[in-house]
Structure formats: C-alpha cells, structure tokens
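Below: one structure, written as structure tokens.
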C-alpha cells in the first residue's frame, strides 16, 4: 500500500468518526468496535438531549447532569477519532 492511499484511508476513517463515533471503525472493518462506539455515542447523546434545559437561561450555570455526559461523549468521540486514524494507518 502506498503512503498516499494510506493517508486517504486515514482521512476517510477520521471524517467518518468525526460525523459520529464508531463510523470510522466500521470503515476500518472493525464491526465490534464500531457497534461499541456507536452504542455509547447514541446513549450519551440521548442523555444529553434529556439533560438540556428548556429555559436557555439555565445554561448559564449548567448542572452536572449536563456536563458529565457531555464530557464523556467528547472523550469517547476523541478516542474514536484517534483509534480510526491509527487503525487505518496500519
């Protein structure tokens, strides 16, 4: 495999994982990891949707019910991005 095609595969995997965690893993032919990242991403996104207050003034001082799932989702998303990039480069 040439370096150019490896970079292209890494970029595609990175973009897919950037759209939603797990999609880059599916592209890299890792369905187990893909399902795991996707499931965690869906659950955390659902929790965030439930935790967002209807009153926008409440966002000035967000509660832990909003901050914790958001922080965990960001960590999972970054982990998915890095994993997709590294595996596509092999």
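FYI, it's all coordinate maths here, none of it is from the lab. These numbers come from a predicted model, not from an experiment. Note that we place each Cβ from the backbone using ideal geometry, even for glycine, and neighbour counts take in every protein chain shown.
With axes computed from alpha carbons, what is the tilt in degrees of helix 3-19 against the longest principal axis of the chain, rounded to the nearest 10 within 0 to 90?
20
Give the calculated FRET efficiency between residue 75 and residue 55 to the nearest 0.05, with a Förster radius of 30 Å applied to their Cβ-Cβ distance.
On the way: r = 28 Å, r/R0 = 0.92.
Efficiency, rounded to the nearest 0.05: 0.60.
To test your reading of the geometry: what angle, between 0 and 90 degrees and rounded to tens, separates the Cα axis of helix 31-51 from the longest principal axis of the chain?
Here the helix axis deviates by roughly 20 degrees.
Arrange the peptides 21-31, 70-80, 54-64 so that the one whose residues have, on average, the most other Cβ atoms within 10 Å appears first.
Top to bottom by mean Cβ count within 10 Å: 21-31, 70-80, 54-64.
Once R0 is set to 30 Å, what does the formula 1/(1 + (r/R0)^6) return for the Cβ-Cβ distance between residue 48 and residue 4, expressed as a FRET efficiency to the nearest 0.05?
That gives a FRET efficiency of 0.20.
Can you pull the Rg over Rh of the range 19-90, Cα-only, Kirkwood?
Rounded to two decimals, Rg over Rh is 1.11.
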